[in-house]
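Q: Sharing a structure here in structure tokens format.
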Amino acid sequence: MNIEQVREYTLSLPGVTEDQAFGEDILNFRLEGKIFVCLGLGSSKRDIKDSDSRIALKLLPDRNIELREQFSAVKPAYHWNKTHWSDIYYEEMDKSFVEGLIRESYQLIASKLPKTVRSKYLSELD
């Protein structure tokens, strides 16, 4: 999976918007204003550990632990709360698996929205 495929897939989910609230080298993807994916664009402006392609995803704490134990391409998120966020090195993983993790992050955010709003997004994914 490459950076354009990550962006394209994430924007294909219902109600997703993107912005660059943290600078021109990071794309944030939001659902109802809540960030669920953060995609680094590879600029050297940020203090990042390496230049490998990665996304930060918000996932359940237990899921983050499970993924980090299973895959070397999943690490605690560098600039995010490490309990709730993981960095996913998407070029090292299967495309369908990465898409599933993005969808999982989306569903987590959608599940926390008010009931009337939540049903609009979760029902569209069925």
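Q: Report, by residue number, each residue of region 68-93 that is touching a residue at least 12 places away in the same chain (Cβ under 8 Å), charged (D, E, K, R) and out of contact with any helix residue (DSSP H, G or I) (no Cβ under 9 Å at 6 or more places or on another chain).
A: If the condition is that a residue be touching a residue at least 12 places away in the same chain (Cβ under 8 Å), charged (D, E, K, R) and out of contact with any helix residue (DSSP H, G or I) (no Cβ under 9 Å at 6 or more places or on another chain), then ARG68, ASP87, GLU92 are the ones that fit.
Q: Could you please find all residues in region 8-28 being surrounded by 16 or more Cβ atoms within 10 Å (Cβ to Cβ) and either farther than 22 Å from SER111 by Cα or in contact (Cβ under 8 Å) with a residue 40 or more places away in the chain (or both)?
A: Our first condition is that a residue be surrounded by 16 or more Cβ atoms within 10 Å (Cβ to Cβ); within region 8-28, this holds for 9-10, 13, 16, 26-28.
Passing the criteria: TYR9, THR10, LEU13, VAL16, ILE26, LEU27.
Q: Still on this structure: Wholly within region 53-126, which helices (runs of 4 or more DSSP H) include no fewer than the required count, namely at least 1 residues that are under 23 Å from GLU4 (Cα atoms)? Reasoning before the result, please.
A: Values: elements: 61-70, 95-111, 115-125.
The helices (runs of 4 or more DSSP H) meeting that bar are 95-111, 115-125.
Q: Can you tell me which residue among LEU60, LEU31, LEU41, LEU108 is open to solvent by 40 Å² or more (accessible area, probe 1.4 Å), among the hydrophobic types (A, V, I, L, M, F, W, C) and touching a residue at least 40 places away in the same chain (Cβ under 8 Å)?
A: LEU60
Q: May I pose another question? For region 90-99, check the following and say yes or no: at least one residue is open to solvent by less than 50 Å² (accessible area, probe 1.4 Å) and farther than 17 Å from ASP52 by Cβ.
A: Within region 90-99, one or more residues are open to solvent by less than 50 Å² (accessible area, probe 1.4 Å) and farther than 17 Å from ASP52 by Cβ.
The values are calculated or read from the model by the stated rules, or taken from the named source; none is laboratory data. Just so you know, these numbers come straight off a predicted model, no measurement behind them. No Cβ is skipped: glycine too gets one built from the backbone with ideal geometry, and neighbour counts run over all protein chains shown. Ligands, DNA and RNA are stripped out before the accessible areas are found, and what is left, the full protein with its side chains, is counted by its heavy atoms. Shrake-Rupley method; radii C 1.70, N 1.55, O 1.52, S 1.80 Å.
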